[in-house]
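Beneath this line is the structure, given in structure tokens, with notes to follow.
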Amino acid sequence: MTAEHRPTLTIAIPCYNSADYMDHCVESMLVGAKDLEIIIVDDGSTKDDTAAKADEWARRHPDTIKVVHQPNKGHGGAVNAGLAAATGHYFRVVDSDDWLDKDALGLLLTKLRGFIASDNPADLIVTNYVYEHVATGNRRVIRYRGPLPTNKQITWDRTRLFGRGQNILMHAATYRTQVLRDSGLKLPEHTFYVDNIFVYVPLPLVKTLYYLPVDLYHYFIGRDDQSVNEPIMVGRLDQQMRITAVMVEAHKLPDDIPNPKLARYMENYLALIVAASSIFSVIKGGDGLVMRRAMWEHIDSVDPNLRARLGRHSVVLGTNLAGPFGRRLSLFGYRLAQRLYHFN
């Protein structure tokens, strides 16, 4: 496929028994653009008619929608399949219970076309995302106006300090496809929470980024069966620990990162992942605390200096207080933040 005939953007939708909500997700992307590629990855769905729905979408929109059917490999395996099948200049992932704003998607496509035509494409485009909380009805928009200039292609040198809650999550990220492939990105199969690896591992190859301040991605939270629901996250602590280990091993910080601002951003991001692993270990108790100790031993074995630096981050300190009283205090701080920000 020649560059002229490649889609501007590929959107991968991992689907596993998603029949109840995938139609809303797919419909939100149909903006009439002929240079948009949507890949529905049916990840071994067996409990509903996800596979049939996916095929029906492809039948109705053969120029836009493709379907990949595969044995169940988990969220990471589904994203891998979507990336492998992608032909677009740019790539992003949308989970099947979330959706995109059509007007914002149209603006993103226009911007991406301009990058491709200029022969100077940005490596990473950042857009806002919206938390839509099913239980409370609250909406919270995550914006990047503080750390990133709006509507300007920049290098990491021109970024400012990212605030709490402003990490560039998968919901905010549209990567140039070749950047993802050049990074060697391969997500663990049968593992949740791989979105952190997806956005973290390719970052050293991102030379230029662009902030388009539109509310593109709508992230649905608060449903009982979601992977970010607290009891489910506690039950899957082993998978969270696997993600943490992959991120710790991915890059030696700051030695492997030539740009100091990027190195600082990546270390702050990693600190939040370590803090999340720690607090869910506290909630789990028992073998969870054993897993937390093993996490710190692993970090120390990879890089003792990294362990020392991570240990000085306030969010890490707050989730690793010693002793029974310290664990209760850590949990109190987490519950307070949970009530304030409704993050799961």
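Here is how the numbers come out for the structure above:
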read-out: Candidates 325, 332, filtered to the one that is open to solvent by 50 Å² or more (accessible area, probe 1.4 Å) and either farther than 30 Å from residue 219 by Cα or modelled with pLDDT of 95 or more (or both); value: 325
read-out: Condition broken by residue 198, with the remaining ones in (1) modelled with pLDDT under 95; (2) out of contact with any strand residue (DSSP E or B) (no Cβ under 6 Å at 6 or more places or on another chain); (3) within 22 Å of residue 101 (Cβ to Cβ) satisfied; value: (1)
read-out: Selection from the stretch 160-178 of residues that are aliphatic (A, V, I, L, M) and surrounded by 20 or more Cβ atoms within 10 Å (Cβ to Cβ); value: 168, 170, 172, 173
read-out: Top-ranked residue in the stretch 305-322 [being open to solvent by 70 Å² or more (accessible area, probe 1.4 Å) and in a helix (DSSP H, G or I); ranked as farthest from residue 267 (Cα to Cα)]; value: 317
read-out: Residue identified as assigned by the TED database to the domain that holds residue 190, of a type in the set (D, E, K, R) and closer than 18 Å to residue 176 by Cβ among 56, 27, 37; value: 37
read-out: Subset of the stretch 269-294 [touching a Phe, Trp or Tyr at 6+ places or on another chain (Cβ under 7 Å) and farther than 13 Å from residue 320 by Cα]; value: 269
read-out: Long-range neighbours under 6 Å by Cβ, at least six apart or interchain, first residue over 15 Å from residue 124 (Cα atoms) and among the charged types (D, E, K, R) within the stretch 156-171, second modelled with pLDDT of 95 or more and assigned to a loop (DSSP other than H, G, I, E, B); value: 160/147
read-out: Hey, residue 264 open to solvent by 20 Å² or more (accessible area, probe 1.4 Å), touching a helix residue (DSSP H, G or I) at 6+ places or on another chain (Cβ under 6 Å) and under 25 Å from residue 203 (Cβ atoms) or not; value: no
read-out: Members of the stretch 241-261 that are within 17 Å of residue 293 (Cα to Cα), in contact with a Pro (Cβ under 7 Å, 6 or more places away or on another chain) and either open to solvent by less than 10 Å² (accessible area, probe 1.4 Å) or not β-branched (Val, Ile, Thr) (or both); value: 242
read-out: Answer residue from the stretch 114-149, given it is in a strand (DSSP E or B) and among the charged types (D, E, K, R) and is farthest from the chain's Cα centre (by Cα) among those; value: 139
read-out: Complete set of residues in the stretch 179-191 that are at pLDDT 95 or above and either within 16 Å of residue 247 (Cβ to Cβ) or open to solvent by less than 70 Å² (accessible area, probe 1.4 Å) (or both); value: 179, 180, 183, 184, 185, 186, 187, 188
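The values are calculated or read from the model by the stated rules, or taken from the named source; none is laboratory data. Bear in mind that the values here come from a model prediction, so they are computed numbers and not experimental data. Methodologically, a virtual Cβ is constructed for each residue, glycine included, from the backbone with ideal geometry; neighbour enumeration extends over all protein chains shown. Quick note on the areas: whole protein, heavy atoms, side chains included, nothing else; ligands and nucleic acids left out. Shrake-Rupley method; radii C 1.70, N 1.55, O 1.52, S 1.80 Å.
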